[in-house]
Amino acid sequence: MAIKKPKIIVIGGGLGGLWATMRIAEAGNQVMLFSLFQVKRSHSACAQGGINACLDTKGQHDSVWQHVVDTIKGGAYLANQPPVKAMCEDAPGLIRTFDRMGVTWSRTPEGVMDLRLFGGVKNKRTCFAGATTGQQLLYTCDEQVRAHEERGLVKKYEFWEFLSLVKDGQGRCKGITALNLRTMEVEAFRADAVVIATGGLGLIYGKSTNSASCTGAAASRAYQQGAAFMNGEFIQFHPTGMPGDDKNRLMSEAARGEGGRIWVPRKQGDTSNPLTIPDDQRWYFLEEWYPAYGNTVPRDVAARAIWKVVRDMGMGIGGKDLVYLDLTHLSEEFLRRRLGGILEIYEKFAGDDPTKVPMKIFPAVHYSMGGIWVDWEKNETTGALKQPSPRNHQTSVPGLFSCGEADGTYHGANRLGANSLLSASYSGRVVGESVAAYVKGLKESVDTAPEDLYGNEKKRQESINKQIMSCSKGENPFLLHKELGDMMRDKVSIIRTNKQLDEALEKLKELKERASRMCLDDRHGWSNASLSYARQVQDMIVLGEDLPIPEGKFAGDPEFEAYRAKWKENNTKWLKTTLADHTPEGPKISYEDVDTSVLPVEEPRDYR
Amino acid sequence: MQEIHLKIQRQDGPDSGPYWDEFKIPYRPQHNVISVLMALREHPVNVKGERVAPVVYEVGCMEEVCGACTMIINGKVRQACSTLVDTLAQPIVLRPMTKFRVVRDLMVDRQPMFDALRKVRGWIDIDGGYDIHVHAPRISPKDWEKNYDFSRCMTCGCCMEVCPQVNTRSQFIGPAPVGQAWLFSNHPTGKYYKEERLHALMGPGGITDCGNAQNCVRICPKEIKLTDAIARIGRDATIQALKDLFLK
């Protein structure tokens, strides 16, 4: 007999966590939703450009199959293919569901959803809501969860920080401990299942396009308690970031999709006004190197090309780490209508009007393709996923699930633009259904778990806090974080050598040791943001060790003939998922074959 | 300009009194108020040379879409992340918003705004989060434009801060939740529950408590036409009141 009134915890209230919450609540279960802040402020709000789904409403004969192919190839064949197939097949239905929830999708003159072009694809497949698609999707899910709150199915724990899992003698996840960010008290919570939907880890690089909360600390905590981490080496550098002091703000890929052109002056070190540089003195290097896709090549290809032009050839604007992203050839009316909010961000922070002056951009850390390893169950008939299945999105810790950017399922080595809102929403929906199926199969309620499991874990967490709070001399967490970020941006960047990666691992060891001696300027017992920060920095460093994977898969660059010649040979060796298991000495790395049952790996990625 | 001079109103907790702390940090071009606060927490030493606790504040996206870092900067309520230091007179004076309970320093508790969204039924009712193989009804580009204006509300609280009717002596729900109530009732299926939303705004603290100062529409960082929504809801509420009277 199924247990009565299962208790479920969802950690993180971005798109993934909210979708999970919705689907779990709709199955009649009670959800406790934990978040560092009001869930409406989650990082999903930052996604601007759109969400991919084959609606085929632009007379281009777009197909779901083409979405599958683009996503698999875009990820360099390094994602397991059945989940990718399932996601692309379900995407149009997901969009219809969002539409019913009231997302303010941009409209065509006849009042149906409009589509735009994004990178790595040839058809218009990206649904969008003005220039704030992520914000609109997030708010819509926030509203749906608010309705469930009103119905008494969801209880929010906002301004609470997840600290650790509570596991039973068999290693099953039976709850969590969390820190009340107001009272700074630790509490343990019982749960029959736990979902980690805590997003990305950009802050390990110090500056990125991510929000201040995207530290990866929650994923790191799960990893340190036994959840395997996959493909940590695959960090997406968004080609068009706006370098800044506090963060690198994002110039959406929509700017390229709507016709933006990337160029540098042909004259090295040229600092003259870009508007006075004639067309024949401008080098549109993406258009020259990739005539088939031009400026809309995928992000990794664009980022590597910019890196090559700037760092290897020394052709950056005025010799700096900058290239132009130019929209000035397009009409102001068109740009305001299609890219309004996106351009405002540039205007607001850089002070220039991008309809009049070319923007200055450079690649920035943006998205983690890797993440917590999760299981999936294949549907042998369709070749996609069996749904629902309690195996889908369950981590290597039984009873612990993960979705969204926190897990590493859908994007292989590189994520296509507008596929992140899709994978966050889709995996949230899937995990919600998996959890509902999982708790249905449980024989024993968590209420029967022994109390000392919770008491002991709570004490362990309290002692970590106490140690940090009582230290009188040691490391400043803010400065230590800066050091971590500077090192990661230097050594684990767009182009990496094994020597750099070894140096990074050495430095991480040193930082880890120093981070055990954190010392705070803030001694208050109320709303102490420094304590939470210090603990996040400790866990960022540990997860950071999963990123510089030495040797192998990362070296591949499809733009070189030599790479093409060796492609097949490399595949036998590197068509693998990297797995990291935590040990006190550092990650234990192993490799697992990729499921390529949907699209045979015969053609290398080629965007020329 | 060699230094950035900051004057910050601080408070250790909801029940303790406010006090001022002053800081000077080296000038850097392109600084915004959040990047200044981030630099400050690395060396939190005030002008008296005392090492103090870093200033507590809320921060999220740092690109003005999440609403977290709202505070009063040189007398004007706005997002700290999009306020460039070069545009500000010095000393830069930072204060927490006054219409919400202070949690600590510049961090306030905006939960009442989220509670208000529950009160006005701030969502579209659907059968469930699964595909029913049809889209929502079509929406004209003109309606889309109006709706999209309101759907960008990030619950930052600027409109609450400047509204004279939002205060401890009044129950007024505030401009933002009224805007959201209008948004959901202007959706082709959301309008099925228009009556419930109007009723939520017809009692004490509802639409009639608006004093028409129009400060909200002037301060909104997203330039949402809040007063349009207030006017429309006001009109609809009057009609609803008559219906309630005669058609029951």
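The values are calculated or read from the model by the stated rules, or taken from the named source; none is laboratory data. Keep in mind that what you see is a predicted model, and the values were worked out from it rather than measured. Cβ sites come from the backbone with ideal geometry, for glycine too, and all protein chains shown count toward neighbours.
Computed values, structure above
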read-out	value
Matching residues in the range A:317-343 - criterion: being hydroxyl-bearing (Ser, Thr, Tyr) and without any contact (Cβ under 8 Å) to a residue 12 or more places away in the chain	A:SER331
Considering residues of the range A:487-538 that are of a type in the set (Ser, Thr, Tyr) and within 14 Å of chain B (Cβ to nearest Cβ) only, the residue farthest from the chain's Cα centre (by Cα)	A:SER527
The listed residue being touching a Leu at 6+ places or on another chain (Cβ under 9 Å), buried (at least 24 other Cβ atoms within 10 Å of the Cβ) and part of a loop (DSSP other than H, G, I, E, B), out of A:THR57, A:THR104	A:THR104
Scan of the range A:15-64 for residues that are among the hydroxyl-bearing types (Ser, Thr, Tyr), more than 9 Å from chain B (Cβ to nearest Cβ) and in contact (Cβ under 8 Å) with a residue 12 or more places away in the chain, ordered by number	A:THR21, A:SER35, A:SER44, A:THR57
The listed residue being under 30 Å from A:ASP407 (Cα atoms), assigned to a helix (DSSP H, G or I) and of a type in the set (D, E, K, R), out of A:ARG304, A:ARG311	A:ARG304
Failed item in (1) more than 14 Å from chain B (Cβ to nearest Cβ); (2) assigned to a loop (DSSP other than H, G, I, E, B), with A:SER472 passing the rest	(1)
Residue list for the range A:475-506, filter: in a loop (DSSP other than H, G, I, E, B) and over 20 Å from A:LEU203 (Cβ atoms)	A:ILE495, A:THR497
The range B:61-77 - residue that is assigned to a strand (DSSP E or B) and within 11 Å of the chain's Cα centre (by Cα) and, of those, farthest from the other protein chains (Cβ to nearest Cβ)	B:VAL77
Unmet requirement for A:ASN123, which otherwise passes all of (1) of a type outside the set (Gly, Ala, Ser); (2) in contact (Cβ under 8 Å) with a residue 24 or more places away in the chain; (3) outside any loop (DSSP other than H, G, I, E, B); (4) out of contact with any helix residue (DSSP H, G or I) (no Cβ under 6 Å at 6 or more places or on another chain)	(3)
Output for the range A:317-345, where each listed residue is under 29 Å from the mean Cα position of the chain (by Cα), crowded, with 17+ Cβ neighbours inside 10 Å and at pLDDT 90 or above	A:LEU322, A:VAL323, A:TYR324, A:LEU325, A:ASP326, A:LEU327, A:LEU335
Some residue of the range A:133-143 being modelled with pLDDT of 95 or more, of a type in the set (Phe, Trp, Tyr), closer than 20 Å to A:SER423 by Cβ and assigned by TED's automatic domain parsing to the domain that holds A:ARG41	yes
Some residue of the range B:33-45 being of a type in the set (Val, Ile, Thr), in a strand (DSSP E or B), more than 10 Å from every other protein chain (Cβ to nearest Cβ) and out of contact with any Pro (no Cβ under 9 Å at 6 or more places or on another chain)	no
Any hit, the range A:572-585, residues being within 14 Å of chain B (Cβ to nearest Cβ), modelled with pLDDT of 95 or more and surrounded by fewer than 18 Cβ atoms within 10 Å (Cβ to Cβ)	no
All positions within the range B:1-34 that are crowded, with 21+ Cβ neighbours inside 10 Å, in contact (Cβ under 8 Å) with a residue 40 or more places away in the chain and either under 21 Å from A:ALA212 (Cα atoms) or in contact with a Leu (Cβ under 6 Å, 6 or more places away or on another chain) (or both)	B:ILE8, B:HIS31, B:ASN32, B:VAL33, B:ILE34
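Per-residue answers, yes or no, for (1) at the interface with chain B (Cβ under 8 Å from one of its Cβ atoms); (2) within 30 Å of A:ALA25 (Cα to Cα); (3) in a helix (DSSP H, G or I):
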| site | (1), (2), (3) |
| --- | --- |
| A:PRO83 | no, yes, yes |
| A:MET87 | no, yes, yes |
| A:GLY93 | yes, yes, yes |
| A:THR97 | yes, yes, yes |
| A:GLN135 | yes, yes, yes |
| A:CYS141 | no, yes, yes |
| A:GLN144 | yes, yes, yes |
| A:GLU149 | yes, yes, yes |
| A:LYS155 | no, yes, no |
